[in-house]
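Colleague: One structure coming up, written as structure tokens, with questions to follow.
Bear in mind these aren't lab numbers, they're just calculated from the coordinates by the rules spelled out. All of these numbers come straight from a predicted model, not from anything done at the bench. Cβ: placed from backbone, ideal geometry, glycine included. Neighbour counts: every protein chain shown.
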């Protein structure tokens, strides 16, 4: 199975597109007033829409992937406990889903997914095939790895229960490391966001309290060029800062 990084991108609904348009419009107005004092500065909105849309999609996809991986880790732990108690793998996942629903509800992602998997197992569809399809649908590395190991262990025999426990344990450890890193990086991202807002805040403060200091930069070609260069430098710094705090495990 080939892992597709774009497999879990969120399809934008009309609500998502509306939010994206609203954010883009607000940013375009801010840039037009702070950097150009001109209605023509709103043309930046055309250029801003695609990166804003990509950023919002990436943000929500990352949040959903984290939530799905956490749920998958939980249901694996429950299935491992049921398998250790003597259930077959198929029945272990049935028992695991029942326990999972008590904690996270029927409408959680993995509750819905494993309800469908358990139904298809009752129709004699191989469990390893269904796990492969689940992993391919979400495109999450840990889920893909588990599906591959599960399929290999099913076919090769051996101490299948031990293999299952070891694989589930490694996925749990990696998921916990990711959550710890996310917790640590949340503060750093907050600092980054505050620093990203500072140039706009300074321009806004000076523009409101002492507009004569910035007046020479507006309404002429040289001033517009300087402000455009500043805006490009800010965009580059924003991109670099985002890369620094984007830690992959």
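Colleague: In Å, the Kirkwood hydrodynamic radius of region 196-243 over pairs of distinct alpha carbons?
Modeller: Over region 196-243, the inverse of the mean reciprocal pair distance is 11.8 Å.
Colleague: Would you calculate the convex hull of the Cα atoms in region 156-225 and tell me its volume per residue in Å³?
Modeller: Expressed per residue, the convex hull around the Cα atoms of region 156-225 is 132 Å³.
Colleague: Using only the alpha-carbon atoms, how far is helix 109-122 inclined from the longest principal axis of the chain? Give it as 0 to 90 degrees, nearest 10.
Modeller: In the chain, helix 109-122 runs at an angle near 30 degrees to the longest axis.
Colleague: Label region 73-117 by shape, choosing from rounded, prolate and oblate, from the square roots a ≥ b ≥ c of the eigenvalues of the Cα gyration tensor; if a/c is under 1.5 it is rounded, and otherwise prolate applies when a/b is larger than b/c, oblate when it is not.
Modeller: prolate
Colleague: Another question, if that's okay. For region 64-171, state what percent of all Cα-Cα pairs lands in each successive 5 Å bin, counting from 0 Å until the bin that includes the largest distance.
Modeller: Going out from 0 Å in 5 Å bins, region 64-171 shows 2, 13, 24, 29, 22, 8, 2, 0 percent.
Colleague: Let me ask something else. Please state the equivalent ellipsoid semi-axes for region 116-249: what are the square roots of 5 times the Cα gyration tensor eigenvalues, largest first, in whole Å?
Modeller: Those come to 56, 16, 12 Å.
Colleague: Moving on to the next point. If I build a Gaussian network model for the chain, linking alpha-carbon pairs within less than 10 angstrom, which residue out of 32, 153, 229 has the largest mean-square fluctuation?
Modeller: Fluctuation is largest for 229.
Colleague: Once you keep just the Cα pairs under 8 angstrom separated by 6 or more residues, what percentage relative contact order results for region 119-225?
Modeller: Normalised by residue count, the contact order of region 119-225 is 13 percent.
Colleague: Also, I was wondering about something else. For the chain, what does the relative contact order come out to in percent, with C-alpha contacts under 8 Å and a separation of six or more?
Modeller: 22 percent
Colleague: Taking neighbour counts of Cβ atoms within 10 Å as a proxy for exposure, in what order, fewest first, do 34, 50 appear?
Modeller: Going from sparsest to densest Cβ surroundings: 50, 34.
Colleague: With the cut-off at 25 Å, report for region 13-245 the share of all Cα pairs above it, as a whole percent.
Modeller: 57 percent
Colleague: How much length is gained on full extension from residue 206 to residue 186, taking 0.36 nm per residue of separation minus their Cα-Cα distance?
Modeller: 4.2 nm
Colleague: Give the separation of the Cα centroids, region 104-164 to region 18-88, in Å.
Modeller: Value for the Cα centre distance between the two parts: 27 Å.
Colleague: Further, regarding this structure: Note the angle between two axes, namely the Cα long axis of helix 141-156 and the longest principal axis of the Cα atoms of the chain, as a number of degrees from 0 to 90, rounded to the nearest 10.
Modeller: Orientation of helix 141-156: about 20 degrees from the principal axis.
Colleague: Continuing with this model, one more query. Tell me, 107, 165 in order of fewest to most beta-carbon neighbours within 10 Å?
Modeller: Ranked by crowding around the Cβ, least crowded first: 107, 165.
Colleague: Same structure, new question: How would you rank 213, 150, going from fewest to most other Cβ atoms within 10 Å of each one's own Cβ?
Modeller: By the 10 Å Cβ count, ascending, the order reads 213, 150.
Colleague: Given a Förster distance of 35 Å, report the FRET efficiency between residue 220 and residue 21 from their Cβ-Cβ distance, rounded to the nearest 0.05.
Modeller: Approximately 0.65, to the nearest 0.05.
Colleague: How far is helix 221-245 tilted off the main Cα axis of the chain, in degrees rounded to 10, range 0 to 90?
Modeller: Its long axis makes an angle of about 20 degrees.
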